[in-house]
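The structure appears below as structure tokens.
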Amino acid sequence: MARYTGPVCRLCRREGTKLFLKGDRCTTGKCALDRRSTVPGQHGAANKKVREYGMHFREKQKTRRYYGVLEKQFVNYYEEAVRQPGITGENLLILLERRLDNTVYRMGLAESRKEARQLVLHAHFTLNGKKVSIPSILVKAGDVIAVNPTSRDSVKFKSLLEGFASKLSPKWLEVDRENATAKVIALPAREDIDFDFNEQLIVELYSK
């Protein structure tokens, strides 16, 4: 499947906000957005009037890039959110938050969602005791995510587990830091998503 492979710092600059696509690097002085906040491209520094459609489109792009999903995937999540009872915008964010790669990132076992997706693709995790390699799987209440026993002794995971104890996790995950596992004790709620999204703009974009 196609995936963006270019410099991710350009995406943060394009959206005008930190998407934390490089993990801890985004909180240091090396962050490209801190050093050069203009939009990338020849005319990035020009002052352009943002129209209503542009506001809606940029919010959609920001959300899609934050979670690292393709356009077609994002549309599928939106259509599923419409079918569910409740508020469509909140349903959309909760579906994205339930992705397995995002859950691994929220556990604290990856520096970024991109890294979490790679780890899942290479079958370094199990879901309810079974090896999985599909980052888009949606977790549900009662699911248990764990590091594959054959991966724990690798150099990569030894490095990740060293800083695991200091990572914070959301309240919808019960993380066992000694055994590097997490149980989904409830589905995430809108208030559990701490990034600044305006999901109503996305709903208005797709409703036109």
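Just so it is clear, none of the values below were taken in a lab; they were calculated from the coordinates. Just so we're clear, the structure is a prediction, and the values are computed from it rather than from any experiment. Virtual Cβ from ideal backbone geometry, glycine too; neighbours counted across all protein chains shown.
Length gain on complete extension for the stretch LEU168 to LYS130, per 0.36 nm per residue less the alpha carbon to alpha carbon distance? Present the calculation step by step, with values, prior to reporting the outcome.
Values: separation 38, 0.36 × 38 = 13.68 nm, distance 2.55 nm.
Net length gain for the segment: 11.1 nm.
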(message) If every alpha-carbon in segment 63-111 counts as one equal scatterer, what log10 I(q)/I(0) does Debye give at q = 0.28 1/Å?
(response) -1.05
(request) Rounded to whole Å and ordered largest first, report the semi-axes of the equivalent ellipsoid of segment 99-184 derived from its Cα gyration tensor (root of 5λ). (result) 16, 15, 12
(request) Provide VAL104, VAL155 in ascending order of the number of other Cβ atoms located within 10 Å of each residue's Cβ, fewest first. (result) VAL155, VAL104
(request) Return ARG65, ARG190 ranked ascending by Cβ neighbour count within 10 Å, so the fewest neighbours appear first. (result) ARG190, ARG65
(request) Once you've got the Cα coordinates, tell me which of LYS140/LYS167; LYS62/LYS167; LYS62/LYS183; LYS72/LYS171; LYS72/LYS158 are over 32 Å apart. (result) LYS72/LYS158
(message) Using each residue's phi in segment 58-64, evaluate 6.51 cos²θ - 1.76 cosθ + 1.60 at θ = phi - 60° and report the 3J(HN,Hα) Karplus result to the nearest Hz, with x for Gly and Pro.
(response) 5, 5, 5, 4, 4, 5, 4
(message) Amide H of SER133 versus every other amide H placed in the peptide plane: which residues, excluding those fewer than 5 positions away on the same chain, fall under 5 Å?
(response) none
(request) Based on other C-beta atoms within 10 Å, arrange HIS122, HIS56 from fewest to most. (result) HIS122, HIS56
